[in-house]
Amino acid sequence: MQDVETQSLWPQPWGECIKGASKGKKLTQFPAIHTTYAEFKKLYPNGQLLKKPEKGPEGSPYEGYFSNPEQLGMFGRVDDYERLKGKGKVFGVRMGDQQVAVSEAYLKKNGFALIPSLPDPVIVTFGADGGTVAAFAFSGKQKAAVKGLKVDGDRMIAPGGRAVWSARTGKLVEGDGTDLTVVPTMSAYWFAWLSFFPNTELIK
């Protein structure tokens, strides 16, 4: 991406400027959930909507690219990826020097993915509405809940029911404890994520 004030270039996956007046500076990545507008309005009734202007009758120039599973990148490349199809959709999580990608297909099948290999264990959830993906970290005393954690619809339940969190917001809804920390995630095609993070772990 490019900022128009300094013409600096920033790769989205890590947010450090690689060219221009801001070279070497880093952006702060904010946590977010990936969801539908209908679900967003339920969670945040006073939330604001940022909407791109309509492209006109010709539609988006990217429509053909998104609909073609064989086209990798705008200029095309051979899909020779072994672990996952190049255009398989993943949700990437970064923590320290580690990166993990969770395939959308895995989330749809299992409803969630636990990532114990990160400095703080992370759970990536796939909402019962079928369109909400979010990630949360367990830190401090919360880590004890990871082993034996159950996900039931939109509820994450600690062993023995000691604590129950919302699978959409990470907020504590029952029991003792504190809210979970929302973790930034990035939605990407597998070939793109792997290009930036060749040593990434993949949950598929």
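Numbers at a glance
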item	result
Residue among G56, G24, G64, G86 that alone is part of a loop (DSSP other than H, G, I, E, B), farther than 21 Å from A135 by Cβ and modelled with pLDDT under 90	G56
Per-region count, region 174-192, residues aromatic (F, W, Y) and part of a strand (DSSP E or B)	1
All positions within region 122-137 that are in contact with a helix residue (DSSP H, G or I) (Cβ under 6 Å, 6 or more places away or on another chain) and either part of a strand (DSSP E or B) or not hydroxyl-bearing (S, T, Y) (or both)	F126, D129
Test: residue in region 127-144 that is more than 19 Å from S103 (Cβ to Cβ), of a type outside the set (S, T, N, Q), surrounded by 16 or more Cβ atoms within 10 Å (Cβ to Cβ) and free of Cβ contacts under 8 Å to residues at least 40 places away in the same chain	no
Among residues of region 157-169, those that are at pLDDT below 95 and either in contact with a Pro (Cβ under 7 Å, 6 or more places away or on another chain) or assigned to a strand (DSSP E or B) (or both), counted	1
Lone qualifier among T6, T36 - being over 23 Å from L107 (Cα atoms) and β-branched (V, I, T)	T6
Condition met for K87 (of a type in the set (K, R) and crowded, with 16+ Cβ neighbours inside 10 Å)	yes
Residue in region 31-40 that is touching a helix residue (DSSP H, G or I) at 6+ places or on another chain (Cβ under 7 Å) and surrounded by fewer than 12 Cβ atoms within 10 Å (Cβ to Cβ) present	no
Meets criteria (at pLDDT 95 or above, surrounded by fewer than 19 Cβ atoms within 10 Å (Cβ to Cβ) and either closer than 27 Å to E39 by Cα or touching a Phe, Trp or Tyr at 6+ places or on another chain (Cβ under 8 Å) (or both)) for L172	yes
Some residue of region 93-116 being part of a loop (DSSP other than H, G, I, E, B), over 16 Å from the mean Cα position of the chain (by Cα) and touching a residue at least 24 places away in the same chain (Cβ under 8 Å)	yes
Residue check for V146: of a type in the set (A, V, I, L, M, F, W, C), within 15 Å of the chain's Cα centre (by Cα), over 20 Å from E39 (Cβ atoms) and at pLDDT 90 or above	no
Check on L149, more than 17 Å from L84 (Cβ to Cβ) and either touching a residue at least 24 places away in the same chain (Cβ under 8 Å) or in contact with a Gly (Cβ under 6 Å, 6 or more places away or on another chain) (or both)	yes
Selection within region 15-24 - farther than 20 Å from W193 by Cα and in contact (Cβ under 8 Å) with a residue 12 or more places away in the chain	G20, A21, S22, K23
Matching residues in region 101-113 - criterion: being crowded, with 17+ Cβ neighbours inside 10 Å and within 22 Å of S166 (Cβ to Cβ)	V102, E104, Y106, L107, F112, A113
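The values are calculated or read from the model by the stated rules, or taken from the named source; none is laboratory data. The model shown is predicted, which means the values in this text are computed figures rather than measured ones. Note that each Cβ is placed from the backbone with ideal geometry, even for glycine, and that neighbours are counted across all protein chains shown.
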